[in-house]
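Enquirer: This is the structure I have questions about; it appears just below.
The values are calculated or read from the model by the stated rules, or taken from the named source; none is laboratory data. In this text the structure is predicted, and so the values were computed from the model without any measurement. Here the Cβ positions follow ideal geometry from the backbone for every residue, glycine too, while neighbour counts run over all protein chains shown. For accessibility, only protein heavy atoms count, side chains too; no ligands or nucleic acids. Shrake-Rupley method; radii C 1.70, N 1.55, O 1.52, S 1.80 Å.
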Amino acid sequence: MAKKQDETKKKMEELKKKLFLKRKHAALILDDAQIEECDAFCEAYKAFLDRAKTEREAVDCAVGLLEENGFHAWTSGEKLKAGDRIYVTNRGKAVIAAVIGKQKLDAGIRLTAAHIDAPRLDLKQSPLYEDQELALLKTHYYGGIKKYQWTAIPLAMHGVVVKQDGTKIPVTIGEDAADPIFCITDLLPHLATEQVKRPLSQGIHGEELNVLIGSRPFRSDEGSELVKLRMLEILNEKYGIIEADFLSAELEIVPAGKARDLGLDRSMIGAYGHDDRVCAYPALAALMDTKSPDYTAVCILTDKEEIGSDGNTGLCSSYFHDFMKDLSEVFGTKAHTVFAKSQCLSADVTAALDPTFADVNDRRNCAYLNYGVCMMKYTGARGKSGSSDASAEFVGEIRGLLDREEVIWQTGELGKVDLGGGGTVAAYLANLNIDTVDVGVPVLSMHAPLEVVSKTDVYMAYRAFAAFQQNQA
Ligand code: MN
Ligand code: MN
């Protein structure tokens, strides 16, 4: 009898091992040397985060890295051969880079696409005002934020001012240790009796996101708006600008400070703007490490995802399609022929399960921190609306690739059905008739001024993109 029980138990264990889906914490799969590799990769990623807080800075940074890695700016018509490394930029806010493959372009490309814009506060066109002898800047938030999170934290200003004569002046204030910072003030709890009765979504209204920038007046016994005047005097001395120059500026208010290791074990990174630099940097790094691929490897770092991908630097614009038309022409083919055989990993973040708010997720179908890069067959909301929903065949192919290459990965969807949802650029690439699936890094506190990712997940994103683009036919 005991023997029979032992046999049944053994069979059950064998069957479970054979049949059940397995999940394992990355730190229990990787050895010390591999974890060191993850950590080393993340040091480079942190440096990128610190230099690339806006889409423009991300493009500048990417172009610098691309050129260091043998890529050159390509102009349409220029002949290309296998192994050539090229890039094109779009208005300083988006970049496409490629390594030409050994196969004919007709065989399709291996594309990764991430976005380099992030939620933030943009200055309004006429932002500067003085109230009660304080100088403030009006903002209009960009992307989906919880507005109350942006008060009472150190803020920096990044962007450009374009003067009437077309001169473009870059501005960065608040990042250097010697720089001043800015902030949005919040009401003291003692006097917030009425404010705290507001629903959370209105704890701070959009029109209350006013950035404090100064308090000492231009010294004069008469005259009005003297603090505002003094602020303009300082800006004029430093940047040569006048108030009207705000009209043609893109100044973005972002959290000040650098990316930091998070946790006693330094297993995570806390930073502003992981969404979606945490996929953009690994995608770029993977492309730069791609040498003589079979299929042409392409990486897009795009703008405007956080506000719907419209505009000429977003992926709803024709700029990527146009690049592919130009590239196809050089190889004597048509873009639509190439698209039909192409594959894309839409590289964007997903939500990691937060134990404090675990009930928003279906625990069987959500992403976990440290369980690797996450493949999402579909995104969207209310019945997958807005999602391109990858085919079983394509998911199967990528699944096989990731397993063969020993990439630690998981699946997950963003939240319980009908609780919310979100989209990515996947649909816009899939609409070009490219096989597309979302693959990205799980994030805690997504869209907050301080977002959290796991270092092993970041590295696994790199490994996934590298495996995909190093493809061998
Ligand atoms: Mn994103
Ligand atoms: Mn986002």
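Enquirer: Relative contact order of the range 48-185: what whole-number percent is it, with Cα pairs under 8 angstrom and at least 6 residues apart?
Expert: RCO, the range 48-185: 15 percent.
Enquirer: What residue among N210, L235, I173 has its Cα farthest toward the positive end of the dipole of the range 120-255, where the charges are +1 on Lys, Arg and -1 on Asp, Glu, each on the Cβ?
Expert: N210
Enquirer: Quick one: grab Rg to one decimal and Dmax as a whole number for the range 239-374, Cα atoms only, in Å.
Expert: 20.0, 57
Enquirer: For the chain, state the semi-axes of the equivalent ellipsoid (square roots of 5 times the eigenvalues of the alpha-carbon gyration tensor), sorted largest first and rounded to whole angstrom.
Expert: 42, 30, 19
Enquirer: Hey, can you find the accessible area per residue of the chain for me, probe 1.4 Å, expressed in square angstrom? Mind dumping the intermediate values first?
Expert: Working: 23030 Å² over 473 residues.
Ligands and nucleic acids excluded, the result is 49 Å² per residue.
Enquirer: Then there is this: With viscosity set to 1.567 mPa s and temperature to 4 °C, compute the Stokes-Einstein D of the range 325-392, Rh being the Kirkwood radius across alpha carbon pairs; µm²/s, no decimals.
Expert: Translational D for this selection: 85 µm²/s.
Enquirer: Classify the range 26-125 as rounded, prolate or oblate, taking a ≥ b ≥ c as the square roots of the eigenvalues of its Cα gyration tensor: rounded when a/c is under 1.5, otherwise prolate if a/b is larger than b/c and oblate if not.
Expert: Taking the square roots of the gyration eigenvalues as a ≥ b ≥ c, the range 26-125 is oblate.
Enquirer: Just order 50-56, 422-428 by mean Cβ neighbour count inside 10 Å, highest at the front, would you? Before the final figure, lay out each step's value.
Expert: Details: 50-56: 21.7, 422-428: 24.4.
The densest-packed peptide leads the list: 422-428, 50-56.
Enquirer: Under 22 Å from the Cα of K4, which lysines turn up, not counting those fewer than eight places away in the same chain?
Expert: K16, K17, K18
Enquirer: So what's the back-of-envelope 222 nm ellipticity for the chain, counting only DSSP H runs of four-plus at -39500 (n - 2.57) apiece and dividing by all residues, rounded to 500? Could the numbers behind the result be given before it?
Expert: Values: 10 runs with 132 residues, N = 473.
One gets -9000 deg cm²/dmol as the mean residue ellipticity at 222 nm.
Enquirer: Could you grab the relative contact order for the chain? Cα pairs under 8 Å, six or more apart, rounded to a whole percent.
Expert: 22 percent
Enquirer: Continuing with the same structure: Using the Cα centre as the reference, give the magnitude of the dipole from point charges on the C-beta atoms of the chain (Lys, Arg: +1; Asp, Glu: -1; all else neutral), rounded to the nearest 20 debye. Kindly include the intermediate steps, with their values, before the conclusion.
Expert: On the way: 56 positive and 70 negative charges, 397 e Å.
Charge dipole of the chain: 1900 debye, to the nearest 20.
Enquirer: Report for the chain the percent antiparallel among DSSP-assigned beta bridges with both residues inside it, nearest 5.
Expert: Here the share of antiparallel DSSP bridges comes out near 70 percent.
Enquirer: Count the lysine pairs in the range 120-255 whose Cα atoms lie under 15 Å apart, taking only pairs 8 or more positions apart in sequence or on different chains.
Expert: On the way: K124/K138; K138/K147; K138/K228; K163/K238; K168/K238.
Lysine pairs meeting both conditions in the range 120-255 amount to 5.
Enquirer: Compute the convex hull volume of the Cα atoms of the range 123-219, divide it by the residue count, and report the result per residue in Å³ as a whole number. The partial results should precede the final answer.
Expert: Numbers: hull volume 14.3 nm³, N = 97.
Convex hull volume per residue, Cα atoms: 148 Å³.
Enquirer: So, one more: Give the carbon-plus-sulfur fraction of the accessible surface of the chain in %, rounded to a whole number; probe 1.4 Å, heavy atoms of protein chains only.
Expert: Working: 11940 of 23030 Å².
That fraction is 52 percent.
Enquirer: DSSP loop chymotrypsin sites (Phe, Trp or Tyr not before Pro) in the range 1-80 with at most 10 other Cβ atoms within 10 Å of their Cβ, which ones?
Expert: For chymotrypsin sites (Phe, Trp or Tyr not before Pro) across the range 1-80 that sit outside H, G, I, E and B with at most 10 neighbouring Cβ atoms in 10 Å, the list reads F20.
Enquirer: Farthest toward the dipole's positive end in the chain, which of L19, P199, L401, given Cβ charges of +1 (Lys, Arg) and -1 (Asp, Glu) about the Cα centre?
Expert: Result: L19, furthest along the dipole toward the positive end.
Enquirer: With a cut-off of at most 11 other beta carbons within 10 Å, and DSSP calling the residue loop, which trypsin sites (Lys or Arg not before Pro) in the range 376-458 qualify? Please list them. Could you put the intermediate results ahead of the total?
Expert: Details: sites: K377, R382, K384, R399, R404, K416, K455; in loops: K377, R382, K384, K416.
Hits after loop and neighbour filter: R382.
Enquirer: Taking a 20 Å limit on the Cα-Cα distance, which of the listed pairs K104/K325; K258/K455; K24/K46; K79/K341 fall beyond it?
Expert: In this structure, K24/K46; K79/K341 exceed 20 Å between Cα atoms.
Enquirer: I'd like to know which of P119, A98, L136 lies farthest towards the positive end of the charge dipole of the chain, counting +1 on Cβ of Lys and Arg and -1 on Cβ of Asp and Glu.
Expert: Most positive-ward Cα: A98.
Enquirer: Right, something else. Tell me whether the range 336-473 comes out rounded, prolate or oblate; compute the Cα gyration tensor, take square roots of the eigenvalues as a ≥ b ≥ c, and use a/c under 1.5 as the rounded threshold.
Expert: Note, shape of the range 336-473 comes out oblate.
Enquirer: Please list 212-222, 456-466 highest first by mean number of surrounding beta-carbon atoms within 10 Å per residue. Numbers along the way, then the final one.
Expert: Numbers: 212-222: 12.9, 456-466: 27.9.
Final packing ranking: 456-466, 212-222.
Enquirer: Starting from a Cα-only point model with no solvent, please compute log10 I(q)/I(0) by Debye for the range 172-244 at q = 0.18, 0.22, 0.23 1/Å.
Expert: Calculated log10 I(q)/I(0) at the listed q: -0.91, -1.04, -1.08.
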